[in-house]
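Engineer: Questions regarding the structure given below will be posed in turn.
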Amino acid sequence: MEALKPFTHKNITLKNRIVMPPMCMYQAKDGFVNLFHISHYSTRAMGGVGFVIVEATAVTPQGRITDNDLGIWSDDHIAGLKQLVDEVHRYGAKIAVQLGHAGRKAQTTALPHIAPSELNFDDTYQTPDAMTLKDIQATISAFKAAALRADQAGFDGIELHGAHGYLINEFMSPLSNLREDEYGGTLENRGRFVCELIDSISTVWPQEKWLMIRVSAEEYDPLGNHPEDVVEILRPIKNKLDLIHVSSGGVVNRRIPLKPLYQVEYAKTIRHALNKIVISVGLITTPEEVEEALQDTDLVALGRELLRNPNFVNRIFATQDADQLFSSYKRAFK
Ligand SMILES: Cc1cc2nc3c(=O)[nH]c(=O)nc-3n(C[C@H](O)[C@H](O)[C@H](O)COP(=O)(O)O)c2cc1C
């Protein structure tokens, strides 16, 4: 089975190709890891997942989606994140953290909410302040500082949240970015923020670890970005990226034609156009679908299925019998 084959890139080897994608759990207070997070992520690692990506973790307090998001804006967050990393490593999984800023989709009580343009997502969201050039530089610095903390916590990778209509995606999309300066307008200008961000982070992020981005490849609006636009935005920074995690939607409220494997075609397009390693995700829930996705993509993420069934890998793929599992737990605590 393709799913059970190890996967190596740089010096990091995943024991299989099943990924837990980032999923906000809204269980943190002041951004800190607590016992919920340790249990939640360790359980999926114990269940056999090869690669865990921790939920959107905010680089500033104002950049949280809610007041209960995880955070990485302070050195005080490092110890809890390190404990989380160590617990997940114990069970043989690798672990990355998704670095996020919610932009105009922030609903936290921390203010101000900022975005490329003074345009709200819909009437249930506050109208954000349009970012000044100073805000742009400060936000890039916040991501860079967060990357340094993620390294100190021992993460194997970082994933920039460039999908689902949050800040990075808001710069990329013509539907949310109406700027008339060098950060808006043409595709090159809309890509400037993410390019500067990756350039800046790559000066501090260790070469041997994975630098990843999650993107919304399709915005389901004729005037929005499509996979070929996202390819062109990422092209200038592709050599600095190790992996691209391909999702879709979330920039504006549009109907998404959902069906199993619906985003795999976007991942395939990006993989071929940029010749990069890609993770596919989205309504993949059975071993057969995992195998199908792996025909065109390198790694496969299962979100809600792993929430429902943390033992998906062990149960469905029966990688280890119960005695072997028990021995591996004993080894983990030696
Ligand atoms: C409860 C929940 C929280 C989520 N939070 C995040 C997040 O923090 N970052 C992100 O990029 N995607 C997030 N997502 C999207 C998932 O990572 C995934 O792409 C989506 O659920 C589709 O995959 P699935 O059909 O396997 O669940 C979330 C999804 C769910 C269900």
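Engineer: Hey, among the residues in region 150-167 that are in contact (Cβ under 8 Å) with a residue 60 or more places away in the chain and in a strand (DSSP E or B), which one's nearest to residue 86 (Cα to Cα)?
Structural biologist: 157
Engineer: Which members of region 185-210 meet the condition of being outside any helix (DSSP H, G or I) and closer than 22 Å to residue 173 by Cα?
Structural biologist: 185, 186, 191
Engineer: Now a separate question. From the list 259, 240, exactly one residue is surrounded by fewer than 24 Cβ atoms within 10 Å (Cβ to Cβ), modelled with pLDDT of 95 or more, more than 12 Å from the ligand (Cβ to nearest atom) and not small (Gly, Ala, Ser). Which is it?
Structural biologist: After ruling out the rest, the residue left standing is 240.
Engineer: Find all pairs meeting these conditions: Cβ atoms under 8 angstrom apart; at least six residues apart or on different chains; first residue within region 217-235 and free of Cβ contacts under 8 Å to residues at least 12 places away in the same chain; second residue part of a loop (DSSP other than H, G, I, E, B).
Structural biologist: Short answer, once both residue conditions are applied: 226/217; 226/218; 226/219.
Results for (1) without any contact (Cβ under 8 Å) to a residue 60 or more places away in the chain; (2) away from the ligand (no atom under 16 Å from the Cβ); (3) closer than 21 Å to residue 40 by Cα, shown as yes or no for each residue.
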{"residue": "250", "(1), (2), (3)": "no, no, no"}
{"residue": "267", "(1), (2), (3)": "yes, no, no"}
{"residue": "279", "(1), (2), (3)": "no, no, no"}
{"residue": "286", "(1), (2), (3)": "yes, no, no"}
{"residue": "290", "(1), (2), (3)": "no, no, no"}
{"residue": "293", "(1), (2), (3)": "yes, no, no"}
{"residue": "329", "(1), (2), (3)": "no, yes, yes"}
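Engineer: When residue 75 is evaluated against the numbered criteria (1) farther than 27 Å from residue 174 by Cβ; (2) surrounded by 15 or more Cβ atoms within 10 Å (Cβ to Cβ), which criterion, by number, is the only one it fails?
Structural biologist: With respect to (1) farther than 27 Å from residue 174 by Cβ; (2) surrounded by 15 or more Cβ atoms within 10 Å (Cβ to Cβ), residue 75 is out only on (2).
Residues checked against (1) touching a helix residue (DSSP H, G or I) at 6+ places or on another chain (Cβ under 9 Å); (2) under 20 Å from residue 113 (Cα atoms):
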site: 141; (1), (2): yes, yes
site: 151; (1), (2): no, no
site: 155; (1), (2): yes, no
site: 159; (1), (2): no, no
site: 165; (1), (2): yes, yes
site: 168; (1), (2): yes, yes
site: 174; (1), (2): yes, yes
site: 177; (1), (2): yes, yes
site: 182; (1), (2): yes, no
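Engineer: Let me ask something else. In region 34-57, is there at least one residue being within 24 Å of residue 251 (Cβ to Cβ), touching a Ser or Thr at 6+ places or on another chain (Cβ under 6 Å) and not charged (D, E, K, R)?
Structural biologist: For region 34-57, residues within 24 Å of residue 251 (Cβ to Cβ), touching a Ser or Thr at 6+ places or on another chain (Cβ under 6 Å) and not charged (D, E, K, R): absent.
Engineer: In region 69-85, is there at least one residue being of a type in the set (Gly, Ala, Ser), assigned to a helix (DSSP H, G or I) and within 16 Å of the ligand (Cβ to nearest atom)?
Structural biologist: no
Engineer: Can you pull out the residues in region 17-46 that are within 15 Å of the ligand (Cβ to nearest atom), surrounded by fewer than 21 Cβ atoms within 10 Å (Cβ to Cβ), within 14 Å of residue 64 (Cα to Cα) and over 17 Å from the mean Cα position of the chain (by Cα)?
Structural biologist: Within region 17-46, 27 is the sole residue that qualifies.
Engineer: Another question, if that's okay. Mind counting the residues in region 295-314 that are over 19 Å from the mean Cα position of the chain (by Cα) and near the ligand (Cβ under 10 Å from one of its atoms)?
Structural biologist: Here the count works out to 1.
Engineer: OK, next. What do you reckon, is residue 325 within 10 Å of the ligand (Cβ to nearest atom), surrounded by fewer than 24 Cβ atoms within 10 Å (Cβ to Cβ), among the aliphatic types (A, V, I, L, M) and assigned to a helix (DSSP H, G or I)?
Structural biologist: No; evaluated as a whole, the condition is false for this residue.
Engineer: Which count do you get for residues in region 91-120 that are touching a residue at least 60 places away in the same chain (Cβ under 8 Å) and touching a helix residue (DSSP H, G or I) at 6+ places or on another chain (Cβ under 9 Å)?
Structural biologist: Going through region 91-120 one residue at a time, the tally reaches 17.
Engineer: Now, a different point. Look at region 53-65 and say how many of its residues are within 30 Å of residue 326 (Cα to Cα) and away from the ligand (no atom under 12 Å from the Cβ).
Structural biologist: Count: 0.
Engineer: Mind telling me which of the residues 95, 38, 65 ends up being of a type in the set (A, V, I, L, M) and assigned to a loop (DSSP other than H, G, I, E, B)?
Structural biologist: Matching residue, one of 95, 38, 65: 65.
Engineer: Then there's this: Since residue 220 meets every condition but one in (1) assigned to a loop (DSSP other than H, G, I, E, B); (2) within 16 Å of the ligand (Cβ to nearest atom); (3) aromatic (Phe, Trp, Tyr); (4) at negative phi, which condition does it not meet?
Structural biologist: Here residue 220 clears every test but (4).
Engineer: Would you say residue 124 is hydroxyl-bearing (Ser, Thr, Tyr), more than 22 Å from residue 246 (Cα to Cα) and assigned to a loop (DSSP other than H, G, I, E, B)?
Structural biologist: Spelling it out, residue 124 is indeed hydroxyl-bearing (Ser, Thr, Tyr), more than 22 Å from residue 246 (Cα to Cα) and assigned to a loop (DSSP other than H, G, I, E, B).
Engineer: For region 235-277, how many residues are in contact with a Leu (Cβ under 9 Å, 6 or more places away or on another chain) and of a type in the set (Asp, Glu)?
Structural biologist: 1
The values are calculated or read from the model by the stated rules, or taken from the named source; none is laboratory data. Note that the coordinates shown come from a computational prediction; the quantities given were computed from them, not determined experimentally. Here the Cβ is made from the backbone with ideal geometry for all residues, glycine too, and neighbour counts use every protein chain on show.
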